[in-house]
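A quick write-up on the structure given underneath.
The values are calculated or read from the model by the stated rules, or taken from the named source; none is laboratory data. Only a predicted model underlies this, so the values are computations on that prediction, with no experimental measurement involved. As a convention, Cβ positions derive from the backbone with ideal geometry for all residues, glycine included, and neighbour counts pool all protein chains shown.
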């Protein structure tokens, strides 16, 4: 990364400006061009440097529910199951772990009942057992990776 890219990446980790023209505010703050900032984020999404860029909502505060879930997916089926889960709108993110339960994902639904239905649907379409690990407590971790 060049210096401008580092400054942008570090700044984005601190939050996005909550103003009517956030890209313009960010460009002014960093003394960079607004279009270049937008393009850089698009480039990072395209090349995998960023896997997502967008707001994080507290689904429970909005009346919904979420859970962490995991499955033991046979390696020959891993990519197919991964793509299937990524195609479900309630799957917030889905990732591989080096563990017997090698596929982990978060479901965000509009109700606890919808979480249960989603887990049952995933079991039905994959033929695999889904382990449900609902949240027991909330912790806020202000995580920042300086680059």
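Could you list, in sequence order, the residues of region 110-120 that are surrounded by fewer than 15 Cβ atoms within 10 Å (Cβ to Cβ) and free of Cβ contacts under 8 Å to residues at least 24 places away in the same chain? Answer for region 110-120, where residues must be surrounded by fewer than 15 Cβ atoms within 10 Å (Cβ to Cβ) and free of Cβ contacts under 8 Å to residues at least 24 places away in the same chain: 113, 117, 120. Of the residues screened, residue 99 is not one that is under 29 Å from residue 138 (Cβ atoms) and assigned to a strand (DSSP E or B). Looking at this structure, is residue 60 free of Cβ contacts under 8 Å to residues at least 24 places away in the same chain, surrounded by 13 or more Cβ atoms within 10 Å (Cβ to Cβ), within 30 Å of residue 116 (Cα to Cα) and not assigned by TED's automatic domain parsing to the domain that holds residue 95? Judged against the criteria, residue 60 is a match.
Consider region 9-25 and keep the residues that are touching a helix residue (DSSP H, G or I) at 6+ places or on another chain (Cβ under 6 Å) and outside any loop (DSSP other than H, G, I, E, B). The one that is surrounded by the fewest Cβ atoms within 10 Å (Cβ to Cβ) is 24.
Within region 89-125, the residues that satisfy the criterion of being touching a strand residue (DSSP E or B) at 6+ places or on another chain (Cβ under 7 Å) and farther than 21 Å from residue 64 by Cβ are 95, 96, 97, 101, 102, 103. Among the residues making up region 107-145, a single one is touching a helix residue (DSSP H, G or I) at 6+ places or on another chain (Cβ under 6 Å) and either within 30 Å of residue 2 (Cβ to Cβ) or assigned to a helix (DSSP H, G or I) (or both): 126. Every condition in (1) surrounded by 15 or more Cβ atoms within 10 Å (Cβ to Cβ); (2) without any contact (Cβ under 8 Å) to a residue 40 or more places away in the chain is met by residue 74 except one, and the failing one is (1). The sole residue among 84, 88, 37 that is outside the structural domain of residue 123 (by TED's automatic domain parsing) and either farther than 22 Å from residue 110 by Cα or surrounded by 13 or more Cβ atoms within 10 Å (Cβ to Cβ) (or both) is 37.
The one condition from (1) in a helix (DSSP H, G or I); (2) over 18 Å from the mean Cα position of the chain (by Cα); (3) more than 23 Å from residue 108 (Cβ to Cβ) that residue 32 does not meet is (1).
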